[in-house]
Structures are given as C-alpha cells and as structure tokens.
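A short reminder: the numbers here are calculations on the coordinates, not readings from a lab. Given the structure is predicted, the values throughout are model-derived calculations rather than measurements. As a convention, Cβ positions derive from the backbone with ideal geometry for all residues, glycine included, and neighbour counts pool all protein chains shown.
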C-alpha cells in the first residue's frame, strides 16, 4: 500500500482537532504533542485541511509493517519535514516536503522500508539536530499500535 499524506485546501481549512489520538513524546530533549495516525483513514487524512503546524506539534504515522512509503503534499498550505523511520526505530531519511506552489506536488519517498513517518513543521528536524541513522525512542504503547 502506498500511503499519501492528505494536503490542505484553502477553501476547507479547519482549526478544530482531527480526532486522532494524541501523545506526548520527547525528541532531542524537546517535548512534542503528536497526533497518532494509526488507521488508514487517519493516515490518508494526515494534515488535510490544516492551516498550520505549530513548533512542537506533529503527526506520527504508524504502519503495521515496514514498506517503502510515498507521501505527497497536494493542496497543502505549509511545508513539512518528513522523517522516515525504519522498524529498528532509526531515521532512514529526512525530506523537506514543500507544499506545491502551483500544480501537483512532487513525491517524497523513504529510501528503505519504513514503519513510521513523522511529520513536523518544516525546519524542525534540522533545528533538533536529527540525522539519518539517529535512533528515536518510542514508548512501548506506540510500538503496540503498529499492529492491525
């Protein structure tokens, strides 16, 4: 299954919560409030219809198995960092995902099979010093969600 992040539509932007479960997670010493996209509906929706992503917010896409992942940014109003993470909890690659200024979005892919994808506000991965090969510490409760 190829997962495509849903974008944002200027005509339908929303401010209310997505309804996805949330959790706190520490990344490089900073506390983040992450929404958890654990089913197909939430993974397809992603940041759809959002006006912005705040500095310490994001979405963690959790998949039942590690596979090559492809994301796009069609109709999104803001740029994101896409952090592709393997089944060993190590960062595979980090993509600066630009919202399309005109036309359709380019595709952003994991370089190897990914079990998780973390979307953060653009520039946050660099500010946090994240690099491919770094290991993220996921709470056991999050790992347990990676089953369908």
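In deg cm²/dmol and to the nearest 500, what is the mean residue ellipticity at 222 nm of the chain if only DSSP H runs of at least 4 residues count, each as -39500 (n - 2.57), divided by the residue total?
-2000 deg cm²/dmol
Ranking request for peptides 90-96, 22-28: highest mean number of other beta-carbon atoms within 10 Å first, then the rest in descending order.
Those peptides, ordered most packed to least, come out 90-96, 22-28.
For the range 43-83, build the convex hull from the C-alpha positions and give me its volume per residue in Å³.
Numbers: hull volume 3.5 nm³, N = 41.
Dividing the Cα hull volume of the range 43-83 by its residue count gives 86 Å³.
Using only the alpha-carbon atoms of the range 10-145, report the extent along each of the three principal axes, biggest first, to the nearest angstrom.
Principal-axis extents of the range 10-145 (Cα, largest first): 39, 29, 29 Å.
So which residue, out of 97, 20, 73, gets the largest mean-square fluctuation from a GNM of the chain using Cα contacts under 10 Å as springs?
Most flexible of the set in this elastic network: 20.
Taking R0 as 22 Å, what FRET efficiency do you get between residue 52 and residue 89 from their Cβ-Cβ distance, rounded to the nearest 0.05?
It comes out at approximately 0.20.
Find how many whole Å separate the alpha carbon centroid of the range 45-67 from the alpha carbon centroid of the range 69-148.
9 Å
Taking the range 47-108 on its own, what percent of its Cα-Cα pair distances exceed 15 Å? Could the numbers behind the result be given before it?
Details: 1034 of 1891 pairs.
Summing the P(r) of the range 47-108 above 15 Å gives 55 percent of all pairs.
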